[in-house]
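The values are calculated or read from the model by the stated rules, or taken from the named source; none is laboratory data. Small disclaimer: the values here were computed from a predicted structure and weren't measured. For neighbour counting, all protein chains shown are included, and Cβ atoms are generated from backbone atoms with ideal geometry for every residue, glycine included. Just so you know, the surface numbers come from the protein's heavy atoms only, side chains and all, with ligands and any DNA or RNA stripped out. Shrake-Rupley method; radii C 1.70, N 1.55, O 1.52, S 1.80 Å.
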Amino acid sequence: VFGDAIDARYQGATVDSLGVATEVPSYGHVLATAPSFAEENPETVNAFLEGTARGAAWATNNREAGVDALVEANGSISEVREQARATWDTLADEHIVGPAVEEHGWGWHSSEPWTTMADALESADSGEVADPSTVWTNDHLDTDAEYIGDYTEQIQ
């Protein structure tokens, strides 16, 4: 996980990384809820996703202020402020925007990475693996919302 590599570097370790996603594409940051909650509260889920996208765009465009807000919300982060900034920079620059986001908007998921990950877990005999088509959805992602559908235009 890229954040662990950043943490290790800040603790003085030498870190060599492999880009595993080229062989096993997967999603590292996922927002999840119980299907029943999403079905019973679609407006809440939609608003949460839109607010998260808007916050990600704001923090990408205002990185120092974003870290300030993070430290204000959790004072213990002040001790690792530089590391928190490096983690956000890596996430924002290398992991949030990709082909699916460029085509469909922030937060969009496609089945291929989930299926590839499930196949890898099954081949490693790691226990019961859920059918990817039953555990993710784009149904609550409002691609007409400015910070979702036009996410890449919102970040500088």
Fill in: Residues of the stretch 94-112 satisfying the condition of being touching a helix residue (DSSP H, G or I) at 6+ places or on another chain (Cβ under 8 Å) and more than 15 Å from TYR147 (Cα to Cα)
GLU94, HIS95, HIS109, SER110, SER111
Worksheet item: Which one of GLU146, GLU79, GLU128, GLU153 is at pLDDT below 90, open to solvent by 70 Å² or more (accessible area, probe 1.4 Å) and of a type outside the set (Val, Ile, Thr)?
Response: GLU128
Worksheet item: Does the stretch 45-66 contain any residue that is surrounded by 13 or more Cβ atoms within 10 Å (Cβ to Cβ) and more than 21 Å from GLU146 (Cβ to Cβ)?
Response: no
Worksheet item: List, please: which pairs have Cβ atoms under 9 Å, are six or more places apart or on different chains, and start with a residue in the stretch 8-21 that is part of a loop (DSSP other than H, G, I, E, B) and end with one that is surrounded by 11 or more Cβ atoms within 10 Å (Cβ to Cβ) and modelled with pLDDT under 70?
Response: SER17/PHE2
Worksheet item: Does the stretch 96-115 contain any residue that is aliphatic (A, V, I, L, M), open to solvent by 80 Å² or more (accessible area, probe 1.4 Å) and either within 28 Å of THR44 (Cα to Cα) or not in a helix (DSSP H, G or I) (or both)?
Response: no
Worksheet item: Given the conditions (1) free of Cβ contacts under 8 Å to residues at least 40 places away in the same chain; (2) over 29 Å from ALA65 (Cα atoms); (3) among the β-branched types (Val, Ile, Thr), and given that THR116 satisfies all but one, which numbered condition is not satisfied?
Response: (1)
Item to complete: Just give me the residues in the stretch 136-151 being part of a loop (DSSP other than H, G, I, E, B) and acidic (Asp, Glu), in sequence order.
Response: ASP139, ASP142, ASP144, ASP150
